[in-house]
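Here's the structure, in structure tokens; my notes come after.
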């Protein structure tokens, strides 16, 4: 079972809407990026269905967010707010930096 940070599970749809809008994407654009339908994204955002974790992660990554922030036990809401406040360019740059760090760590193993 996933241990969600306080309040997140009750507002997954709202989180997805905010992330998508901050990224400047439509539901159709998000659905095309993750390989699902626009109606599925709409149902998740409106709370008619709860997305699977893999779909939630895919949506947030499509919007440039570090989805790991949602399932990490040590994350606080401030980190999530900081991610949502970033521009798409800043989120992309942050993701690229994380990828570089992971690549360096793998090469040292």
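The values are calculated or read from the model by the stated rules, or taken from the named source; none is laboratory data. Please read all numbers here as calculations on a predicted model, not as lab measurements. Here Cβ is always computed from backbone atoms with ideal geometry, including for glycine, and neighbour counts include all displayed protein chains.
Observations on the model:
- Residues satisfying the stated conditions in region 42-56, i.e. free of Cβ contacts under 8 Å to residues at least 12 places away in the same chain and out of contact with any helix residue (DSSP H, G or I) (no Cβ under 6 Å at 6 or more places or on another chain): 43, 48, 52, 54
- Among (1) touching a residue at least 24 places away in the same chain (Cβ under 8 Å); (2) surrounded by fewer than 19 Cβ atoms within 10 Å (Cβ to Cβ) - the single one residue 25 does not satisfy: (2)
- Tallying residues that are closer than 15 Å to residue 20 by Cβ and modelled with pLDDT of 75 or more within region 61-82 yields 5.
- Applying the set (1) within 15 Å of the chain's Cα centre (by Cα); (2) modelled with pLDDT of 90 or more; (3) surrounded by fewer than 12 Cβ atoms within 10 Å (Cβ to Cβ) to residue 35 leaves exactly one unmet item: (1).
- For region 50-59, taking the residues that are closer than 13 Å to residue 14 by Cα and at pLDDT below 90, the one that is surrounded by the fewest Cβ atoms within 10 Å (Cβ to Cβ) is identified as 50.
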